[in-house]
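This report refers to the structure that appears directly beneath it.
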Amino acid sequence: MMRTALLGILTCAGLAAASVAASLGGGEALAERPEALVPSQTESGVIAFCSVVDDAYQQLTVIDPRSMAMSVYHVELATGAVELKCVRTIRWDLQMTCYNGKGLLPQEIHSLQEQPR
């Protein structure tokens, strides 16, 4: 249990440090970019986002562009316990043209653009 907690804390601390380094290197003030929007990317191409949720846990989202998969972890701030919340392949999600959209569908917009004026 302690090993898992330590691993979770070190993982998020490393990702947070990499996020800070990435944001400072981009020439933008750190205060202008919320931590959740600053991704860290490893040499293997894996992208990670960290954000604190409700002052209770840190949410770590990991995206592997090669396998087109994502996973979400919660790390309890009080104990450092790590819990895998979900894993899914996003390949088919990204091929959808519309889901839960409001207003005109992409096909409707496309057909309006093709109409003679």
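Quick check on the stretch 28-53: of everything there that is part of a loop (DSSP other than H, G, I, E, B), of a type in the set (D, E, K, R) and at pLDDT below 50, which residue is nearest to the chain's Cα centre (by Cα)?
Arg33
Quick one: in the stretch 54-70, which of the residues that are modelled with pLDDT of 95 or more and among the hydrophobic types (A, V, I, L, M, F, W, C) is farthest from Val82 (Cα to Cα)?
Among residues in the stretch 54-70 that are modelled with pLDDT of 95 or more and among the hydrophobic types (A, V, I, L, M, F, W, C), the one farthest from Val82 (Cα to Cα) is Met68.
Scan the stretch 98-117 for residues that are surrounded by 11 or more Cβ atoms within 10 Å (Cβ to Cβ) and touching a Ser or Thr at 6+ places or on another chain (Cβ under 9 Å) and jot them down.
Of everything in the stretch 98-117, those that are surrounded by 11 or more Cβ atoms within 10 Å (Cβ to Cβ) and touching a Ser or Thr at 6+ places or on another chain (Cβ under 9 Å) turn out to be Leu105, Pro106.
Restricted to the stretch 76-93, and to residues that are of a type in the set (A, V, I, L, M) and assigned to a loop (DSSP other than H, G, I, E, B), which residue is nearest to Thr61 (Cα to Cα)?
The extreme case among them is Ile90.
Filter the stretch 66-97 down to residues that are surrounded by 12 or more Cβ atoms within 10 Å (Cβ to Cβ), free of Cβ contacts under 8 Å to residues at least 40 places away in the same chain and of a type in the set (A, V, I, L, M, F, W, C), then give me how many there are.
Total meeting the criteria: 6.
State whether the residues of the stretch 54-62 include one that is under 20 Å from the mean Cα position of the chain (by Cα), part of a strand (DSSP E or B) and more than 16 Å from Pro39 (Cβ to Cβ).
Checked the stretch 54-62: at least one residue is under 20 Å from the mean Cα position of the chain (by Cα), part of a strand (DSSP E or B) and more than 16 Å from Pro39 (Cβ to Cβ).
The values are calculated or read from the model by the stated rules, or taken from the named source; none is laboratory data. Computed from a predicted structure; not experimentally measured. For neighbour counting, all protein chains shown are included, and Cβ atoms are generated from backbone atoms with ideal geometry for every residue, glycine included.
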